Amino acid sequence: MSLTHFLQCLAFVFLVTASPIQDDSQTVLIQSKDNNNINRGVGWFDPRVNGGRFLDFTTKRYGEPLNVIISGLSDPYILTDTGLHAYAKSLGYSEECLGLHYGDLHEADLGDGDGKKTEHFLARQHYFPVWGTCWESLAGGQHFRSWKQNGTKANSGAWFIGASKELDSSKHHTIVPDGYNLGRDWLVDRAVEGGRWKGMWWKADVEYRTDLLEEGRKGVNHHIAQDGRVAILTVKRL
Ligand SMILES: *[C@@H]1O[C@H](CO)[C@@H](O)[C@H](O)[C@H]1NC(C)=O
């Protein structure tokens, strides 16, 4: 065997053994059984592929469902912080009671490489949505928390939202019975109907997924059961 031949063989062996490893790291996101969710074309990545989940981390043991996704294929403006703020107002959320409720920050793991991260709006404290004693009269106790899927491993730009309906603050912000489903439906109904804020109009298409979040109350904060449906919104600017 000539030296050249030997080196060629060596190179071949190296390539054969090395390339699958390389492939693995590059295609981690593509190798899930659930290919649809990972397709960049749908505007969001399934958090579970990279160790995330569709319950936030309210406490160590319990979480609240991330029951709405605003896909990264939505109007680019509402994918920004100020845009989501405006969009939320167009839906009927209000920030009149700003500042009265920013005590309990939740974390979520969106499987985007950031690990658990604190909700984005409340992390800034001046942003929405923070509700206090006045919220019942304003929006019937509706609120949501949101996290942006923008870590380097899954940078879809989508908002992952935990929507719920709460009792008033005198009841310590407890979720009402069926409050997760109600909170999601309230948001989605308005999004699909369409609305406006300061001259901007939006309307959303919705698709429901039942294979992302387990139905029931297991691991769910306040032991309130939810139906496991996640609404995927694609919000268009009109
Ligand atoms: C991800 O999005 C949040 C919310 O908009 C923002 O605060 C944060 O800076 C973004 N992170 C990166 C790395 O762009």
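The values are calculated or read from the model by the stated rules, or taken from the named source; none is laboratory data. Quantities reported herein were computed from a predicted structural model and do not represent experimental measurements. When we count neighbours, we look across all protein chains shown, and the Cβ atoms used for this are built from the backbone with ideal geometry, even at glycine.
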*Enumeration of residues in the range 130-169 that are outside any strand (DSSP E or B), on the phi < 0 side of the Ramachandran plot and modelled with pLDDT of 90 or more*: Gln149, Asn150, Gly151, Thr152, Lys153, Ala154, Asn155, Ser156, Ala158
*asked:* Here are the criteria: (1) under 29 Å from Arg61 (Cβ atoms); (2) touching a Ser or Thr at 6+ places or on another chain (Cβ under 7 Å). Tell me which single one Arg196 does not satisfy.
replied: (1)
*For the range 224-238, which residues satisfy the criterion of being aliphatic (A, V, I, L, M) and farther than 19 Å from Ile70 by Cβ?*
Ile224, Ala225
*Working only within the range 49-92, note down all residues that are within 14 Å of the ligand (Cβ to nearest atom), in contact with a strand residue (DSSP E or B) (Cβ under 8 Å, 6 or more places away or on another chain) and under 30 Å from Lys218 (Cα atoms).*
Ile70, Ala88
*Can you tell me which residue among Thr210, Thr234, Thr174 is surrounded by 18 or more Cβ atoms within 10 Å (Cβ to Cβ) and of a type in the set (Val, Ile, Thr)?*
Thr234
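One line per residue, one yes/no per condition, for (1) closer than 14 Å to Leu66 by Cβ; (2) aliphatic (A, V, I, L, M); (3) assigned to a helix (DSSP H, G or I):
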residue: Arg184; (1), (2), (3): yes, no, yes
residue: Asp189; (1), (2), (3): no, no, yes
residue: Val192; (1), (2), (3): no, yes, yes
residue: Trp201; (1), (2), (3): no, no, no
residue: Glu207; (1), (2), (3): no, no, no
residue: Leu213; (1), (2), (3): yes, yes, no
residue: Lys218; (1), (2), (3): no, no, no
residue: His222; (1), (2), (3): no, no, yes
_Test: residue in the range 103-120 that is at pLDDT below 55 and either surrounded by fewer than 20 Cβ atoms within 10 Å (Cβ to Cβ) or over 15 Å from the mean Cα position of the chain (by Cα) (or both)_ = yes
*Do we have Gly151 as within 16 Å of the ligand (Cβ to nearest atom) and either in contact with a Lys or Arg (Cβ under 7 Å, 6 or more places away or on another chain) or small (Gly, Ala, Ser) (or both) here?*
yes
